[in-house]
Amino acid sequence: MTAPLEFYFDFSSPYGYLASERIDALAARFGRKVRWRPILLGVLLRETGGTPPTQVPAKRSYFLCDFARSARFMDIPYAQPQPFPVATQHAARAYYWLLDQDHALARRFAHAVFRAYFVDGQDISTSECVLALAAQAGAEPAALAAALLEPVLKERLKTECATALVKGVFGSPHIIIDGEHFFGADRLPQIERWLVSGGF
């Protein structure tokens, strides 16, 4: 099959960031593309009854350790950002606006947002940061700033989150390949095996 992999993520998800650094190259080795779909994890968790693990006292220290350990294991730069997590609606809305104009630009922007937060510790929750990152990626910041104020992008993101829920997406990263669901950056080896074998 040649359908794109669907990659659902929140820009404040550490595992989403780790997956983002590997998913395109992995898919490309098998002649596949990846459809990136930022969502709001808070919306998904509210609808599915989930709780961020770092907000559960018994889990917090483990996951903070695992974020950094997983990054070291995957040889990906990582610095635990503060504050964590942060709101990502500005970044997600900006991504969809850019996507409608230029897929490559949107992808550059998405990588820039992830790295700004998980490597450089920038506050990606602010529209100012999002606009600056978009400009660095090659976008027109004034046009994007105007678009972010319009209800169209807000509705677009709501629709994307609703569609993700209907598909069974419940967290970040959530990858769907040929109808099969994989959750977590640690599932990338399974995805590779799936692409090699056509399923198992």
**Q.** Low-density loop positions, trypsin sites (Lys or Arg not before Pro), segment 30-105 - DSSP coil, at most 13 other Cβ in 10 Å
**A.** Lys33
Q) How big is the accessible area of Asp120 in square angstrom, nearest 10, if you roll a 1.4 angstrom probe over the protein chains? A) 100 Å²
Q.
Just want the answer: with Cβ charges of +1 for Lys and Arg and -1 for Asp and Glu, which residue in Ala68, Thr48, Ala28 is farthest toward the dipole's positive end in segment 28-77?
A. Ala28
Q: Could you give the size of the charge dipole of segment 1-79 about its Cα centre, using +1 on the Cβ of each K and R and -1 on the Cβ of each D and E, expressed in debye and rounded to the nearest 20?
A: 100 debye
Q | Cross-link partners of Lys167 among lysines (Cα-Cα below 23 Å; sequence separation of 8 or more within a chain) | A | Lys33, Lys154, Lys158
Q) Of Ala106, Ser127, Pro77, whose Cα points farthest to the positive end of the dipole of segment 1-144 (charges on the beta-carbon: +1 Lys, Arg; -1 Asp, Glu; origin at the Cα centre)? A) Pro77
**Q.** Rg in Å to one decimal, and Dmax rounded to a whole Å, for segment 21-74 via C-alpha atoms
**A.** 15.3, 43
Q) Does segment 108-200 come out rounded, prolate or oblate, given a ≥ b ≥ c as the square roots of the eigenvalues of its C-alpha gyration tensor, rounded meaning a/c under 1.5 and, failing that, prolate meaning a/b above b/c? A) prolate
Q. Can you pull the three principal axis extents for the Cα set of the chain, in Å, largest first?
A. 48, 42, 33
Q. Quick one: ranking Thr126, Thr88, Thr48 by accessible area, 1.4 Å probe, largest first, what do you get?
A. Thr48, Thr126, Thr88
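The values are calculated or read from the model by the stated rules, or taken from the named source; none is laboratory data. The shown structure was predicted, so the numbers you read here are calculated from the model rather than taken from an experiment. Reconstructed Cβ throughout: ideal geometry from the backbone, glycine too, with neighbour counts over all protein chains shown. All accessible areas refer to the heavy atoms of the entire protein, side chains included, with ligands and DNA or RNA removed. Shrake-Rupley method; radii C 1.70, N 1.55, O 1.52, S 1.80 Å.
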